[in-house]
Amino acid sequence: MTAAPLAPGLPCVALIDDDDDLRAATTQLLSLHGFTVRAFADADAALAVIDADFAGVVITDVRMPGMSGIELLRLLHDRDAELPVVLITGHGDVEMAVSALKAGAWDFLTKPFDPEALIAAAVRGAKARALTLENRHLRAAADAAAGDALIGDSPAMRRLRTMIPMLADAALDVVIEGELGTGKEHFARLVHRAGRRARHRFLKIDCATVTAPLIERDLFVRNGVIARADRGTLFLDNLAWASDDLQHRLVRLAETRAVALEARDPDPVDLRIIASLEEGARERVSPALYHLLAGVPLRMPPLAERAADIPLLFAHFMTRLAQHHGRAVPPLADHAHRLAVRAWPGNVLELEKTAERICLGLDDSIAASAPGLAPLPVRLDAFERAAIIDAVTAANGEIAAAIETLQLPRKTFYYRVKRLGIDLRALRRQAAM
C-alpha cells in the first residue's frame, strides 16, 4: 500500500521511533506545542514518504531494528543536505555525538531527553527549514521569470506581459507613463526585441538633453541621428521635458515618417516610436504630439501598487548581481520580507541598487532599521494595501465589484483606502488603458 504524503503545513515533524510508548508520548508532546506530527515505527517507512520537498523537521531514534537513525540521516541528506534531522538515543556518548554532528545532524539528544530541549530543537529546525524552502522558491521563481524579463506576478504586470507580443509588430506608437524608476525603458526594449524590428536599432533620445543646435544639425537631417533608427525603434525618453521646438519637429516626424523635410525629396523612415512620460507630466506635452504618439497608452505601476512583487524582484536582482560580482547568493527570504514593507520612491531602480549594495555587503540599513521581522502593524498594512489594489485591478477598476470581492462594508473600504494612501483614480485609469 502506498504511504500517505506528509502534511504540507508548518510546523511539521516526522517522528521515527520503534518504541511504541515513547513514540506516542513524543507525538503528544509535539502536538501540544503546535506541531503537525507524522509518526513512523521504523526508518524504512519514513524513508518511503520523506522527500526533498518535505517542509519540516525529522526527529529519529538512533538505535532501531533494521536501518539505524545515522543511516537514515545519511540517506535523507543524499536527497536534501539541508533537511534538519534531530537524533535521539539512549546509548549516547561523546564519540557518537561527534559522529552524528559530523554526519550533518541538526541536533543530538540523549534519553531521557528534556522535553523543552526537544521542543527548542524542533522549533529552530522548523524555522530554518521554512527559510530554506522560501529561499529556494524565490530563486526558482526568479530563474523562471528571468527568461520572461518582466518580473512580477501582480495583475498589472501580468497584463503588461500579455501586451508585449501584441505590440511587438503592431503598427502603433506607444506612450508609457509611470513614476521614476518603474521600468519604462525596459518595457520599451522588450517590445522592440519581441518583433521584427529587433534586427535593427533601438535608438534612445533623452528629450531633456536635446539642445537647439543638436536639433538643427543632427537629429532631423538626412543621414542624421533619427535616420539611423530606420526599420527599428525610436525611444523618446523624458518626453515631457522636450522643448517646444523639439515637440513641433516630433509632430512632423510622427505625421510624415520622414526626415529632411525642408529638402525637395524628404527621406522616408520606417520606425516605431515609443515615448516615456513621467506620471503627472502629460500637460507638458502638446496635445497634438501626445495623441499622435499615444496609439497605445500604457502605465507602469509603481512598487507601492505591487508590493507583493518585491520579493521576486529582489531575488531576481540578487541572483543576477551575485553572478556578476562573483559572489555567493545570500539568503533571500529574510531580506525580501524586510524590503517588502519599505517605501520605494525610486521604485524598481532603487530596489535594484539596494540589492547590489546588499550583495556587496555595503548596506546594513535593512538590519539596522528592522531587526527581526518588520513590526506586525507594518506587515498588516502592506498586506492590506496589496489586497485592495489587487481586488480593484482584478475588477477592472469597478469599485463596487472590488468591495464585494473583499467583503467589506463600503465605509470601511473607503476608510482603509484613505488610511493606506491608495490612489483609486490612478488604479481606474490603469484599468481603462
Inset, instruction - Those residues that are buried (at least 16 other Cβ atoms within 10 Å of the Cβ) and either within 18 Å of Asp53 (Cα to Cα) or modelled with pLDDT under 85 (or both), I need them from segment 114-129; list them, please. - result: Ala122, Gly125, Ala126, Arg129
Legend entry - Sole residue being surrounded by fewer than 17 Cβ atoms within 10 Å (Cβ to Cβ), over 15 Å from the mean Cα position of the chain (by Cα) and at pLDDT 75 or above, chosen from Gly346, Gly326: Gly326
Legend entry - Single match in Leu160, Leu172, Leu167 (criterion: at pLDDT 90 or above, touching a strand residue (DSSP E or B) at 6+ places or on another chain (Cβ under 9 Å), outside the structural domain of Arg429 (by TED's automatic domain parsing) and surrounded by fewer than 20 Cβ atoms within 10 Å (Cβ to Cβ)): Leu172
Legend entry - Scan of segment 275-292 for residues that are crowded, with 17+ Cβ neighbours inside 10 Å, touching a helix residue (DSSP H, G or I) at 6+ places or on another chain (Cβ under 6 Å) and either part of a loop (DSSP other than H, G, I, E, B) or touching a residue at least 60 places away in the same chain (Cβ under 8 Å) (or both), ordered by number: Ala275, Ser276, Leu277, Glu278, Val285, Leu292
Legend entry - Unique residue being farther than 14 Å from Asp18 by Cβ, loosely packed, with under 15 Cβ neighbours inside 10 Å and assigned by TED's automatic domain parsing to the domain that holds Glu134 when the list is Leu76, Leu101: Leu101
Inset, instruction - Please specify each residue of segment 293-318 satisfying the condition of being assigned to a strand (DSSP E or B) and of a type in the set (Val, Ile, Thr). - result: Val296
Legend entry - Considering residues of segment 192-247 that are of a type in the set (Lys, Arg) and in a helix (DSSP H, G or I) only, the residue surrounded by the most Cβ atoms within 10 Å (Cβ to Cβ): Arg197
Legend entry - Flag for Asp218 being touching a residue at least 40 places away in the same chain (Cβ under 8 Å), assigned by TED's automatic domain parsing to the domain that holds Glu185 and over 20 Å from His291 (Cα atoms): no
Inset, instruction - Please state which of the following conditions Leu180 fails to meet, knowing it meets all the rest: (1) among the aliphatic types (A, V, I, L, M); (2) buried (at least 19 other Cβ atoms within 10 Å of the Cβ); (3) within 22 Å of the chain's Cα centre (by Cα). - result: (2)
Inset, instruction - Please tell me if Arg272 is in contact with a Lys or Arg (Cβ under 7 Å, 6 or more places away or on another chain) and either surrounded by 17 or more Cβ atoms within 10 Å (Cβ to Cβ) or not assigned by TED's automatic domain parsing to the domain that holds Ala426 (or both). - result: yes
Inset, instruction - Just need a number here: residues in segment 395-420 that are modelled with pLDDT under 80 and either surrounded by 15 or more Cβ atoms within 10 Å (Cβ to Cβ) or closer than 29 Å to Val296 by Cβ (or both). - result: 1
Legend entry - Residues located in segment 160-191, provided they are of a type in the set (Gly, Ala, Ser), part of a loop (DSSP other than H, G, I, E, B) and over 23 Å from Ala426 (Cβ atoms): Ala170, Ala171
Inset, instruction - Identify, by number, the condition in (1) under 19 Å from the mean Cα position of the chain (by Cα); (2) surrounded by fewer than 21 Cβ atoms within 10 Å (Cβ to Cβ); (3) over 24 Å from Arg357 (Cα atoms) that Thr319 doesn't meet. - result: (3)
Legend entry - Options Ala39, Ala43; residue that is touching a helix residue (DSSP H, G or I) at 6+ places or on another chain (Cβ under 6 Å), within 21 Å of Ala103 (Cα to Cα) and among the small types (Gly, Ala, Ser): Ala43
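The values are calculated or read from the model by the stated rules, or taken from the named source; none is laboratory data. Quick caveat, the model's predicted, so the values are computed rather than measured. Cβ coordinates were reconstructed from backbone atoms using ideal geometry, including for glycine residues, and neighbour counts include every protein chain displayed.
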